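Chemist: Here you go, one structure.
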Amino acid sequence: MAAKMSVRRTLNFSNITYTDQISFVLGSVNGQLRSALGKLSALHAKNVFSFALVTGNLFSEAQDDEQLTDLLEGRIEFTCPTYFTVGTIPLPPRVVEKIEKDEEVAPNLHYLGKRSVTKTSEGVRVVTLGGVLDMNIVAGLSKDQHEPFHTEGDAKALRGANNADILLTPMWPTDIWKNSAKAKEMQIGAETVPSSQTIAELCEALKPRYHFAMSPDNFCLEREPFFPDAAEGEKDKGIALTRFISLAPWANAAKAKSMYAFSLNREAIITPPPGSTLTPFYKPSPKKRTADQAEFTRFAHHAHDHDHRRHKHRRERSPPPGPERCFFCLSNPSLPTHMVCSVGEDAYLATAKGPLPAADTFQTQGLDFPGHFIITPLTHAASLSAAAGAMAADEAKKTFQEMKRFRDSLQGMVAAASKRKLGAVTWEINRARNIHVHWQFLPVPAAMVSKGLVEAGFRVLAEDFKLGKFTAKDFETADEVGGDYVRVWIWAEEDGEDGGKVVGKSLLLQFDESVRFDLQYPRKVMAKLLGLENRTFWQDVVQTEQEETADVAAFRKAFKEWDFTLAT
């Protein structure tokens with residue numbers, strides 16, 4: 001399964017006051033840190049930017065060591081939150097070392113990662129793909145988050161973000177010059193500017209409000225805004241207008257534009273503004289969206305304790321694994337991106353590695369895929385409890401509600417596809433030493449729910465394992481439970497005289513550190529209930545990538561009308 005790939009993080013800067021929500025972009029700084037940041041500081045004093053971005057290269061190949069030292073030791077000031085990615089040259093080793101240690105390079109200077117989705121504190125969604133395309137890697141994802149190269153797989157993975165306010169790439173998208181009078185006047189085309197078809201496909205898929213890139217020479221192109229070719233039935237929903245801007249390097253000899261201030265307009269646009277054009281990526285016979293276009297991150301539901309054990313021998317002062325090493329975060333470069341099904345604003349949905357049901361387990365009930373899913377917050381947090389300090393209260397509430405929305409959508413899809421023959425079970429394990437909280441979702445015959453067999457299964461095995469006793473409890477917010485616990489949602493919809501009747505129960509089992517808790521306990525319960533004891537351990541039933549990809553494609557087809565992240 002991020003984001004790093006952020007990446008997808010929510011960044012909070014409570015010490016900054018934002019007024020008019022103006023943001024700022026710099027062209028490649030190329031190591032000229034003092035002069036560029038001096039200008040940014042002066043402009044910020046007058047305008048109060050919510051944040052700033054650097055396109056291309058913040059540093060140079062022959063980076064001035066004195067300026068770099070001043071930066072890393074906090075003597076060069078970033079007056080507003082500033083983000084950058086890797087451009088066309090490697091990051092200085094000292095910067096890489098600082099990123100791996102602290103993530104924050106300097107106060108208010110943040111590395112977005114090479115393949116990332118980041119949500120700022122104002123809710124601005126920034127998708128980043130750093131580096132240039134490495135044609136020597138024909139498949140898969142790049143493993144290093146700091147080298148100036150990416151793969152086609154990296155770009156495909158980011159398409160699952162579904163949308164973006166800002167797309168940040170060093171390379172230009174192929175064909176961006178088409179339909180552009182400005183590009184024609186500047187004699188810009190395929191022969192003059194290195195470009196990438198994969199980035200064009202990424203831009204087309206995300207439809208960002210702004211796409212910023214670095215210019216390969218001393219010129220700036222602020223292309224005419226462009227809009228997609230919408231189907232007749234969708235034209236009244238508004239136009240996704242994109243502005244592509246490629247800034248010249250800072251302090252360039254031609255004195256071409258290297259700075260840009262902007263504000264995001266989230267109002268729906270019905271009529272294309274004067275001077276705008278049809279998308280340059282338009283194809284007369286566009287291909288249908290393929291399964292890989294919603295791939296985005298990685299996921300392995302078994303990784304909590306594995307990650308913990310792998311790092312437990314580190315020196316005592318070492319922090320717990322951060323987003324780039326967490327198996328549930330978008331920042332981890334080891335991403336089985338083909339397993340991600342849908343990405344929302346605060347959480348994402350992925351299929352399980354080594355699912356408990358097989359692809360044909362529920363075939364007679366109407367499902368042609370396993371139906372074992374993971375619902376995960378995009379924010380790197382051990383718990384959804386604000387009281388535990390993992391998230392701010394408002395963020396925990398929003399995240400919980402979106403995870404619940406994913407769960408409700410899955411329940412609705414399962415009930416509809418099975419004609420109410422299937423219900424569902426969702427569970428969460430919360431422990432003090434968790435790395436990244438998540439929920440697991442599994443279909444179950446509705447009759448097992450209505451007869452109380454699922455509840456009985458959880459209670460009986462908990463007693464056998466000496467875990468304690470469950471109590472019935474409704475969970476409507478994120479912050480209702482503290483300490484270590486297991487919570488389970490059991491749900492089904494039966495036919496009734498007045499239509500569908502919901503049956504089920506919410507259960508809570510709290511325990512302390514003296515309990516030797518088996519992380520596979522909920523899976524073992526469900527394996528016994530479903531008669532799938534031979535699939536109890538996920539390692540025994542790992543699928544091929546082709547099988548996993550096929551399951552994701554089948555699920556997306558069934559889930560399409562329930563997937564709220566696809567709404568415009």
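Chemist: Being in contact with a Phe, Trp or Tyr (Cβ under 9 Å, 6 or more places away or on another chain) and either of a type in the set (Lys, Arg) or within 23 Å of ASP464 (Cα to Cα) (or both): is that true of LEU508 here?
Modeler: Spelling it out, LEU508 is indeed in contact with a Phe, Trp or Tyr (Cβ under 9 Å, 6 or more places away or on another chain) and either of a type in the set (Lys, Arg) or within 23 Å of ASP464 (Cα to Cα) (or both).
Chemist: Restricting attention to the range 114-131, which residues are in a loop (DSSP other than H, G, I, E, B), within 15 Å of LEU167 (Cα to Cα) and modelled with pLDDT under 85?
Modeler: Passing the criteria: THR120, GLY123.
Chemist: Restricting to the range 353-373, what's the tally of residues that are crowded, with 23+ Cβ neighbours inside 10 Å and modelled with pLDDT under 95?
Modeler: 1
Chemist: I'd like the residue in the range 18-74 that is closer than 23 Å to ASP217 by Cβ and touching a Pro at 6+ places or on another chain (Cβ under 6 Å) and, out of all such residues, is surrounded by the fewest Cβ atoms within 10 Å (Cβ to Cβ).
Modeler: Checking each candidate, the answer is GLN63.
Chemist: Also, I was wondering about something else. So, of the residues in the range 146-163 that are assigned to a loop (DSSP other than H, G, I, E, B) and at pLDDT 80 or above, which turns out to be nearest to the chain's Cα centre (by Cα)?
Modeler: Ranking the qualifying residues of the range 146-163, first place goes to ASN163.
Chemist: Now, a different point. Specify the residue that is modelled with the lowest pLDDT; the eligible residues are those in the range 392-433 that are of a type in the set (A, V, I, L, M, F, W, C) and within 21 Å of SER121 (Cβ to Cβ).
Modeler: Ranking the candidates gives ALA392 first.
Chemist: Right, next: Can you tell me how many residues in the range 353-381 are in contact with a Lys or Arg (Cβ under 7 Å, 6 or more places away or on another chain) and not in a loop (DSSP other than H, G, I, E, B)?
Modeler: The total comes to 2.
Chemist: State all residues of the range 197-206 that are surrounded by fewer than 22 Cβ atoms within 10 Å (Cβ to Cβ) and touching a Ser or Thr at 6+ places or on another chain (Cβ under 6 Å); if no residue qualifies, say none.
Modeler: GLN197, ALA200 - these are the residues of the range 197-206 that are surrounded by fewer than 22 Cβ atoms within 10 Å (Cβ to Cβ) and touching a Ser or Thr at 6+ places or on another chain (Cβ under 6 Å).
Chemist: If only one of VAL503, VAL486, VAL515, VAL552 is in the same structural domain as LYS419 (by TED's automatic domain parsing), assigned to a helix (DSSP H, G or I) and not polar (S, T, N, Q), which one is it?
Modeler: VAL552
Chemist: Shifting gears a bit: What's the total number of residues in the range 305-352 that are at pLDDT 65 or above, assigned to a loop (DSSP other than H, G, I, E, B) and either touching an Asp or Glu at 6+ places or on another chain (Cβ under 8 Å) or more than 18 Å from VAL437 (Cα to Cα) (or both)? Talk me through it step by step, then tell me what you get.
Modeler: Let us first name the residues in the range 305-352 that are at pLDDT 65 or above, namely 326-329, 336-352.
Okay, now just the ones that are also assigned to a loop (DSSP other than H, G, I, E, B), so 326-329, 336, 344-346, 352.
Next, only the ones that are either touching an Asp or Glu at 6+ places or on another chain (Cβ under 8 Å) or more than 18 Å from VAL437 (Cα to Cα) (or both) stay: 326-327, 336, 344-346.
Selection size over the range 305-352: 6.
Chemist: Another one. Quick check, is ASP134 touching a Phe, Trp or Tyr at 6+ places or on another chain (Cβ under 9 Å), surrounded by fewer than 19 Cβ atoms within 10 Å (Cβ to Cβ) and modelled with pLDDT under 95?
Modeler: Yes: the conditions hold for ASP134.
Chemist: Is there a residue in the range 258-265 that is in contact with a His (Cβ under 7 Å, 6 or more places away or on another chain) and either modelled with pLDDT of 95 or more or closer than 30 Å to ALA553 by Cα (or both)? Before the answer, list the steps.
Modeler: Kept after step one, since they are in contact with a His (Cβ under 7 Å, 6 or more places away or on another chain), are these residues of the range 258-265: none.
Within the range 258-265, not a single residue is in contact with a His (Cβ under 7 Å, 6 or more places away or on another chain) and either modelled with pLDDT of 95 or more or closer than 30 Å to ALA553 by Cα (or both).
Here is a yes/no grid of residues against (1) in contact with a strand residue (DSSP E or B) (Cβ under 7 Å, 6 or more places away or on another chain); (2) within 21 Å of TYR260 (Cβ to Cβ); (3) in a loop (DSSP other than H, G, I, E, B):
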{"position": "LYS178", "(1), (2), (3)": "no, no, yes"}
{"position": "GLN187", "(1), (2), (3)": "no, no, yes"}
{"position": "GLU191", "(1), (2), (3)": "no, no, yes"}
{"position": "GLU201", "(1), (2), (3)": "no, no, no"}
{"position": "ALA213", "(1), (2), (3)": "yes, yes, no"}
{"position": "ASN218", "(1), (2), (3)": "no, yes, yes"}
{"position": "ASP229", "(1), (2), (3)": "yes, no, yes"}
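Chemist: Something else now. Only one of GLY457, GLY423 is in contact with a helix residue (DSSP H, G or I) (Cβ under 6 Å, 6 or more places away or on another chain), in a strand (DSSP E or B) and not β-branched (Val, Ile, Thr); which?
Modeler: Values: GLY457 fails: in a strand (DSSP E or B).
None of the others qualify; the one that does is GLY423.
Chemist: Let me ask something else. On the basis of being touching a helix residue (DSSP H, G or I) at 6+ places or on another chain (Cβ under 7 Å) and surrounded by 20 or more Cβ atoms within 10 Å (Cβ to Cβ), does ALA396 make the cut? Lay out the reasoning, then the answer.
Modeler: Working: touching a helix residue (DSSP H, G or I) at 6+ places or on another chain (Cβ under 7 Å): yes; surrounded by 20 or more Cβ atoms within 10 Å (Cβ to Cβ): yes.
Answer is yes for this residue.
The values are calculated or read from the model by the stated rules, or taken from the named source; none is laboratory data. The shown structure was predicted, so the numbers you read here are calculated from the model rather than taken from an experiment. Note that each Cβ is placed from the backbone with ideal geometry, even for glycine, and that neighbours are counted across all protein chains shown.
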